Protein chains: 2
Amino acid sequence: MPRPKHVPADDLVLPDALAPDRPKGDQLREILENIATDAGPGRLIPSERFFAEHYQISRSTVRLVINRLVADGLLYRQHGNATFTAERPPRQIDMLTSFTEDIRSRGAVPGTKVLLALVESAGAQIAGRLNIPPGAPVFRLERLRFVDDEPLALERTNLSLDLFPGIDEYDWAAQSLHKTLEERFGVVPEWNDTAISAELPQSQDAALLEIEPSQPCLVLSGTLHASDGRVIEAGRSLYRADRYTVFTTARRSR
Amino acid sequence: MPRPKHVPADDLVLPDALAPDRPKGDQLREILENIATDAGPGRLIPSERFFAEHYQISRSTVRLVINRLVADGLLYRQHGNATFTAERPPRQIDMLTSFTEDIRSRGAVPGTKVLLALVESAGAQIAGRLNIPPGAPVFRLERLRFVDDEPLALERTNLSLDLFPGIDEYDWAAQSLHKTLEERFGVVPEWNDTAISAELPQSQDAALLEIEPSQPCLVLSGTLHASDGRVIEAGRSLYRADRYTVFTTARRSR
DNA sequence: TAGTGGTCTAGACCACGCT
DNA sequence: GCGTGGTCTAGACCACTAG
């Protein structure tokens, strides 16, 4: 008995045809994303050749789409065997998404108090982290972050004023830093680089966070980068460890 | 004056031709990886059509290679303009690489003492994290980890015995857990999922780590997954915060 | 407007693995 | 054996952008 073809399983609903007015790859991607999202992990996907024939498109087009989904971790392949749905890692949070989004996604109400917002000359350390010459103007922002009106974190961040001229003239209690960078300056955070450690807070910081100095804090220290490698911001934040946990996922690099 | 073509810059050394006996894509990938590694970020890459003509290969082949490098974060594209080298995020460490590799990469000598290695029935919590039925056999391993003969971490991890039969019969003081899983069971860690928090240690744990109970620890709690979604291990580890920092990077999902 | 990357075609042949 | 994914070709046309 010959090996059976990988046709769709009975319970797998597939559109009969693609709309002619939109990119075929996009439509196929949506179809496959739905399969991967609805089904659990390990679900068999119809073969590349099946999709090519079924939708009257080239197998190269199918492969292109599947390649991306594999790169995104939605599918995985077994050479000589088949393609399956993978389990999707939960969405990554820390530092790429803004504080506001992060807290909202955890189902709470974020709040902000600006402690400090000024322009100063970059010292050696900040200049190095921002990858700018020492003495260049730096916008320094310190904010106390609240969740449901309780203090959660003390955020200190630095941005190059040459890269973001006028960045010091916003109201950072109301405005999202990341959103402003994207909308006003067209800069999209592409990746970050964070060192996570635990420390007991200095007494002033403990007072701001309304904790005892014996209560540990998570320290998130890192830089945020654009795709061209420019450093968008360099910061160091103190989080109350009793109220905050960092969730992180890592994928094996291929 | 017409727009100049994106030919290689003068200082860019390119092999004249590809070897005929190896996949062309692989060779091109190596060439582009070298460019991306040697040059800093933001370096202009010759156009796809240039590579296609120069090496007498199809543009599709070139695109396939560049697609992967973009997915891996080594290059980035600007539609209608050009392709550039990106800054490479530093190598990801936590939990995907083994403790031994992690410590070695930090230039120190790792050590291990097995505190506990036994098989028990899965309680509700462990069963849930391992995604196995409650009561199923679980291999529980507790190890004290040393760096340069100083205690660094207390690792507690759980594995399904049904998934890895015989896993309880190795010497885990000498053997690498991840390496054994890969070599004996053909299971490759694909992604992890870690919650990072800070805590003061219980007094017994503090004693094992040779610290005061007032000294904070990093708590790494998470699961390690194979590409088919199976949970390889579920663990919770205590790291001395004065000696250990977690480095993590995240990339924007496309 | 010319050169870039983005989508897509219609094939070929190879490498691998299940039955 | 035969169906799977992996590599590769030689083109076409579209979308976008620097000069």
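The values are calculated or read from the model by the stated rules, or taken from the named source; none is laboratory data. This one's a predicted model, so the numbers in the text were calculated from it and none came from an experiment. Ideal geometry is used to build each Cβ from the backbone, glycine not excepted, and the neighbour counts take in all protein chains shown. These area figures cover heavy atoms from the full protein model, side chains too; ligands, DNA and RNA do not enter into them. Shrake-Rupley method; radii C 1.70, N 1.55, O 1.52, S 1.80 Å.
Using Cα springs under 10 Å in a Gaussian network model of chain B, which residue among B:Thr157, B:Thr83, B:Thr100 shows the largest mean-square fluctuation?
Highest fluctuation of the listed residues: B:Thr83.
Where the label is 7 Å out from Cα toward Cβ, how close does B:Glu30 come to the same position in every other copy, in nm, shortest first?
Result, one decimal in nm: 4.3.
What does the charge dipole of the range A:100-192 about its Cα centre add up to, to the nearest 20 debye, if the Cβ of each Lys and Arg holds +1 and the Cβ of each Asp and Glu holds -1?
180 debye
Got the B:Arg106 label distances to the other copies yet, label 7 Å along Cα→Cβ, in nm, shortest first?
Taking the point 7 Å beyond Cα along Cα→Cβ, the inter-copy spacings are 2.5 nm.
Which distances, in nm and shortest first, link the B:Gln175 label point to the same label point in every other copy, taking 7 Å along Cα→Cβ?
Between copies, matching label points for B:Gln175 lie 6.0 nm apart.
So which aspartates and glutamates can B:Lys179 reach, going by Cα to Cα under 12 Å and dropping same-chain residues fewer than 8 places off?
The reachable aspartates and glutamates, counting only those whose Cα sits under 12 Å from B:Lys179, are B:Glu101.
Loop-only chymotrypsin sites (Phe, Trp or Tyr not before Pro) in the range A:16-69, please: DSSP not H, G, I, E or B, and at most 15 other Cβ atoms within 10 Å.
none
For the range B:24-85, with only Lys/Arg (+1) and Asp/Glu (-1) charged at the beta-carbon, what is the dipole magnitude about the Cα centre, in debye rounded to 20?
That gives the range B:24-85 a dipole magnitude of about 240 debye.
Which residues, if any, in the range B:225-249 lose at least 40 square angstrom of accessible heavy-atom surface (probe 1.4 Å) when the other protein chains sit next to their chain rather than the chain being alone?
Checking the loss per residue gives B:Ser227, B:Asp228, B:Thr248.
Please identify, among B:Ala17, B:Ala173, B:Ala198, the residue showing maximal mean-square fluctuation in a Gaussian network model of chain B using a 10 angstrom Cα cutoff.
Among B:Ala17, B:Ala173, B:Ala198, the largest mean-square fluctuation in the Gaussian network model of chain B belongs to B:Ala17.
Placing +1 at every Lys and Arg Cβ and -1 at every Asp and Glu Cβ, with all other atoms neutral, what dipole size does chain B have around its Cα centre, in debye to the nearest 20?
Rounded to the nearest 20 debye, it is 1220 debye.
Go ahead and collect, in residue order, the members of the range B:34-60 whose backbone nitrogen is under 11 Å from a label point 7 Å along the Cα-Cβ direction of B:Ala17.
Output list for this probe position: B:56.
Sorted by accessible area with a 1.4 angstrom probe, largest first, how do B:Asp193, A:Asp38 fall?
Largest to smallest exposure gives the sequence A:Asp38, B:Asp193.
Assign one of three labels to the range B:48-135, namely rounded, prolate or oblate, based on the Cα gyration tensor with a ≥ b ≥ c the square roots of its eigenvalues; rounded applies when a/c is under 1.5, prolate when it is not and a/b is larger than b/c, and oblate otherwise.
prolate
Rounded, prolate or oblate: which fits the protein assembly as shown, taking a ≥ b ≥ c as square roots of the Cα gyration tensor eigenvalues, rounded meaning a/c under 1.5, else prolate when a/b beats b/c?
Because a/c hits 1.5 or more and a/b fails to exceed b/c, the protein assembly as shown counts as oblate.
At a 1.4 Å probe radius, carbon and sulfur cover how many percent of the accessible area of the protein assembly as shown?
Answer for the protein assembly as shown is 49 percent, counting heavy atoms of protein chains only.
Whenever you get a sec, line up B:His79, B:His225 from highest to lowest accessible area (probe 1.4 Å, protein heavy atoms).
Largest accessible area first, the list is B:His79, B:His225.
Once the other residues with Cβ under 10 Å from the Cβ of A:Thr100 are scored (Lys, Arg +1; Asp, Glu -1), what is the net sum?
Residues close to A:Thr100 contribute a combined charge of +1.
Given the C-alpha centroids of the range B:119-151 and the range B:61-80, what is the distance between them in whole angstrom?
A separation of 41 Å, based on Cα centres.
Rounded if a/c is under 1.5, else prolate if a/b is larger than b/c, else oblate: which is chain A, with a ≥ b ≥ c the root eigenvalues of its Cα gyration tensor?
The shape class here is prolate.
Out of A:Ser214, B:Thr249, A:Gly128, whose Cα points farthest toward the positive end of the dipole of the protein assembly as shown (charges: +1 Lys, Arg; -1 Asp, Glu; placed on Cβ)?
Positive-end residue among those listed: B:Thr249.
Rolling a 1.4 angstrom probe over the protein heavy atoms, how many square angstrom per residue are accessible across the protein assembly as shown?
For the protein assembly as shown, the solvent-accessible area averages 51 Å² per residue.
Leaving out ligands, DNA and RNA, calculate the buried accessible area for the pair A and B with a 1.4 Å probe, summed over both sides, in Å² to the nearest 100.
Buried area between the two chains comes out at roughly 3900 Å².
Once you list every other residue whose beta carbon is under 10 Å from the beta carbon of A:Arg140, what net charge do they have if Lys and Arg are +1 and Asp and Glu are -1?
Residues close to A:Arg140 contribute a combined charge of -2.
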